Amino acid sequence: MTARYWVQLATEQFGPSSLVDQAVAAERAGFDAVNLSDHYQPWWEPGESPQAWVVLGAIAHATSRVPLGTGVTAPVYRYNPAVVAQAFATLELLAPGRAFLGIGSGESLNETPCGMNWPPPDEQLDRMAEALEIITGLLDGSAVDFDGQWFRTVAARLHSMPRRRVPVYVSAFGDQAAGLAARFGDGLWTLAKPDQAPSIIDAYRSACDDLGKEPGEIILQAGFSWAPDDSAAFEAARVWKGAQPPDHYSDDWHDPAAMYRHGEETVSDEQLAAGYALSADPDVHVERIREVEKLGATVVCLQNASGADPVAALDVYGERVLPALRGG
């Protein structure tokens, strides 16, 4: 089965109008879906942080075909799970057959500024599990009474209900989260790291077997930056060093300027390049994406870090990269 190709548009790097322009370009280029990162703050300063759901509404109006969602939303504090379900049911009503929802356990970067005391990893996953139970119940059309440790609902239900159930894809960086993806999700979402992704995929598939259900999508995420020369492509993505240290995802890091400094100090240029396709040559991008496919992806999610000219980068993908991947 041939993998499909999604593009992730970075709310941390681009403002709302640019994101809408990129989504239109991505649909024109032939990407199979568009998703937005969902952040309250960027990983560096100065950066951007438009509200992802509002931008998705604008994208739904500006496009006609491409599926739309988040990669990913964290319903652990600043978002009530019932409101998350309501928002994406509404998106599906506005863009029938096109909405999807990515769910993750979040980062201090986005929750602590909103008043949360950032919890240890076990609590992060417990909160995500409770949120998923509420969200999936509501999207299934149920009235949900829930009295958990972190969340509570009382006869909650969605009154504006789409005909199609919105699919939910769950982000996982370890076995426990992979199990939640199997239990609640329509697929697994993780980073395309060769030393990590295979074991997470195995854990997800094993958990699906235990539950007696078929595995869903395997969404593997990588990044790219295209520019007219290699140096410009790299420098346009340099800010993403702030998102590379693993502790930024689990520990209490919430100062964007400090996070970028930490990333610049601990992540070499070579390490950044290992996780991204950073080149003016479309063939380099094709080769990198094929490496991701070999890890077992049904979907390759490509984050557009092309700060030099994000729309031109998407045009190059439409003209050269996607046709090559599809055998055209």
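Quick check on Pro75: is it touching a residue at least 24 places away in the same chain (Cβ under 8 Å), open to solvent by 10 Å² or more (accessible area, probe 1.4 Å) and either under 24 Å from Gly216 (Cβ atoms) or not in a loop (DSSP other than H, G, I, E, B) (or both)?
Working: touching a residue at least 24 places away in the same chain (Cβ under 8 Å): yes; open to solvent by 10 Å² or more (accessible area, probe 1.4 Å): no; either under 24 Å from Gly216 (Cβ atoms) or not in a loop (DSSP other than H, G, I, E, B) (or both): yes.
No, not satisfied.
Filter the stretch 192-218 down to residues that are assigned to a loop (DSSP other than H, G, I, E, B) and among the β-branched types (Val, Ile, Thr), then give me how many there are.
Total meeting the criteria: 0.
Among the residues that make up the stretch 38-57, is at least one of them open to solvent by 40 Å² or more (accessible area, probe 1.4 Å), in contact (Cβ under 8 Å) with a residue 24 or more places away in the chain and not in a loop (DSSP other than H, G, I, E, B)?
Yes.
Let's see how each residue does on (1) in a loop (DSSP other than H, G, I, E, B); (2) out of contact with any strand residue (DSSP E or B) (no Cβ under 6 Å at 6 or more places or on another chain); (3) open to solvent by 30 Å² or more (accessible area, probe 1.4 Å):
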{"site": "Gly69", "(1), (2), (3)": "no, no, no"}
{"site": "Ala82", "(1), (2), (3)": "no, no, no"}
{"site": "Ala85", "(1), (2), (3)": "no, yes, no"}
{"site": "Thr90", "(1), (2), (3)": "no, yes, yes"}
{"site": "Leu93", "(1), (2), (3)": "no, yes, yes"}
{"site": "Gly106", "(1), (2), (3)": "yes, yes, no"}
{"site": "Glu111", "(1), (2), (3)": "no, yes, no"}
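With the requirement that a residue be in a helix (DSSP H, G or I), closer than 24 Å to Trp189 by Cα, open to solvent by less than 60 Å² (accessible area, probe 1.4 Å) and of a type in the set (Phe, Trp, Tyr), what does the stretch 238-294 give you?
Listed by number, the list holds a single entry, Trp240.
With respect to Leu101, is the statement that it is open to solvent by less than 10 Å² (accessible area, probe 1.4 Å) and at pLDDT 95 or above true? I'd like the intermediate steps shown before the answer.
On the way: open to solvent by less than 10 Å² (accessible area, probe 1.4 Å): yes; at pLDDT 95 or above: yes.
Spelling it out, Leu101 is indeed open to solvent by less than 10 Å² (accessible area, probe 1.4 Å) and at pLDDT 95 or above.
Just give me the residues in the stretch 154-179 being in a strand (DSSP E or B) and either surrounded by fewer than 15 Cβ atoms within 10 Å (Cβ to Cβ) or acidic (Asp, Glu) (or both), in sequence order. Reasoning before the result, please.
Within the stretch 154-179, the subset in a strand (DSSP E or B) is 154-156, 168-171.
Scanning the stretch 154-179 gives Val154, Ala155.
Considering each residue of the stretch 1-43, count those that are of a type in the set (A, V, I, L, M) and modelled with pLDDT under 95, and give that number. Break it down into steps so the answer makes sense when it comes.
Just the residues of the stretch 1-43 that are of a type in the set (A, V, I, L, M), to begin with: 1, 3, 7, 9-10, 19-20, 23-26, 29, 33-34, 36.
If we keep only those that are modelled with pLDDT under 95 too, we end up with 1.
Going through the stretch 1-43 one residue at a time, the tally reaches 1.
Return yes when Ile200 is β-branched (Val, Ile, Thr) and in contact with an Asp or Glu (Cβ under 8 Å, 6 or more places away or on another chain) and no when it is not. Steps first, answer last, please.
Details: β-branched (Val, Ile, Thr): yes; in contact with an Asp or Glu (Cβ under 8 Å, 6 or more places away or on another chain): yes.
Answer is yes for this residue.
May I ask you to list pairs of residues, at least six apart or on different chains, whose Cβ atoms are under 8 Å apart, with the first in the stretch 97-123 being free of Cβ contacts under 8 Å to residues at least 40 places away in the same chain and over 12 Å from Val72 (Cα atoms) and the second being of a type in the set (Asp, Glu) and open to solvent by less than 30 Å² (accessible area, probe 1.4 Å)?
Once the first residue is free of Cβ contacts under 8 Å to residues at least 40 places away in the same chain and over 12 Å from Val72 (Cα atoms) and sits in the stretch 97-123, its partners that are of a type in the set (Asp, Glu) and open to solvent by less than 30 Å² (accessible area, probe 1.4 Å) give Arg98/Glu92.
Leu211 - would you say it is of a type in the set (A, V, I, L, M, F, W, C) and open to solvent by less than 50 Å² (accessible area, probe 1.4 Å)? Walk me through it before giving the result.
On the way: of a type in the set (A, V, I, L, M, F, W, C): yes; open to solvent by less than 50 Å² (accessible area, probe 1.4 Å): no.
Judged against the criteria, Leu211 is not a match.
Please tell me if Ala182 is in contact with a strand residue (DSSP E or B) (Cβ under 9 Å, 6 or more places away or on another chain), surrounded by fewer than 20 Cβ atoms within 10 Å (Cβ to Cβ) and either free of Cβ contacts under 8 Å to residues at least 12 places away in the same chain or not in a loop (DSSP other than H, G, I, E, B) (or both).
no
Per-residue answers, yes or no, for (1) surrounded by fewer than 17 Cβ atoms within 10 Å (Cβ to Cβ); (2) touching a residue at least 12 places away in the same chain (Cβ under 8 Å); (3) farther than 20 Å from Val34 by Cβ:
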residue: Asp195; (1), (2), (3): yes, no, yes
residue: Ile218; (1), (2), (3): no, yes, no
residue: Ala222; (1), (2), (3): no, yes, no
residue: Asp229; (1), (2), (3): yes, yes, yes
residue: Ala232; (1), (2), (3): no, yes, yes
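I need a count of the residues in the stretch 1-37 that are open to solvent by 20 Å² or more (accessible area, probe 1.4 Å), in contact with a strand residue (DSSP E or B) (Cβ under 9 Å, 6 or more places away or on another chain) and under 15 Å from Leu220 (Cα atoms).
2
The values are calculated or read from the model by the stated rules, or taken from the named source; none is laboratory data. Values in this document were obtained by computation on a predicted structure and should not be read as measured data. All Cβ positions, even for glycine, are placed from backbone atoms using ideal geometry, and neighbour counts span all protein chains on display. These accessible areas exclude ligands, DNA and RNA; they are computed on the full protein's heavy atoms, side chains included. Shrake-Rupley method; radii C 1.70, N 1.55, O 1.52, S 1.80 Å.
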